[in-house]
Amino acid sequence: MRNRGQQVPYDPERKVRTTEHIIADLSYNFLEHKVLQRGHWLDAPQNDYGIDATMFHHNERGEIENGEVRFQLKASNQIHISKDKKWISQRVEM
């Protein structure tokens, strides 16, 4: 048993959960929360092929509507919120 506060030695055989993994999960969580607040639902495909989430929407009676919205998520440590607090922008380099 290791002492409290003692760091576990690095093991290259073990998978590591990085900050990037955590931020990516938080980005999905943020989108899912917004989608659920509107009464729709979000699905994450197992094989994404560039698609990280698909939203399915419903009408006022809760009936599923035709079509879907697909998202490709990009995660960041920082967000830029507009002065009117209506928009979030993120620079994308191509």
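Where a number appears in this text, it was derived from the coordinates with a stated rule and is not lab data. Since the model is a prediction, treat every value here as computed from it, not as a measurement. In this analysis, Cβ positions are derived from the backbone assuming ideal geometry, glycine residues included, and neighbour counts consider all displayed protein chains.
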Ranking V92, Q78, N66 by how far each Cα lies towards the positive end of the charge dipole of the chain (+1 on Lys and Arg Cβ, -1 on Asp and Glu Cβ), the top one is Q78
Suppose R0 equals 30 Å; then what is the FRET efficiency for H21 and E60 from their Cβ-Cβ distance, rounded to the nearest 0.05?
0.20
When a/c reaches 1.5 or more, the comparison of a/b and b/c decides; with that in mind, is the chain rounded, prolate or oblate per its Cα gyration tensor?
prolate
Relative contact order for the chain using alpha-carbon pairs under 8 Å, separation at least 6, rounded to a whole percent?
19 percent
What are the residues whose amide H is under 5 Å from the amide H of H57, where those residues sit 5 or more places off or on another chain and H is modelled from the backbone?
E65
Can you tell me the order of 73-82, 35-44, 60-69, 9-18 when each peptide is scored by its average per-residue count of other Cβ atoms within 10 angstrom, highest first?
35-44, 73-82, 60-69, 9-18
Between 0 and 90°, nearest 10: helix 19-37 axis offset from the chain longest Cα axis
30 degrees
So how strong a dipole does the chain carry about its Cα centre when Lys and Arg Cβ are +1 and Asp and Glu Cβ are -1, to the nearest 20 debye?
580 debye
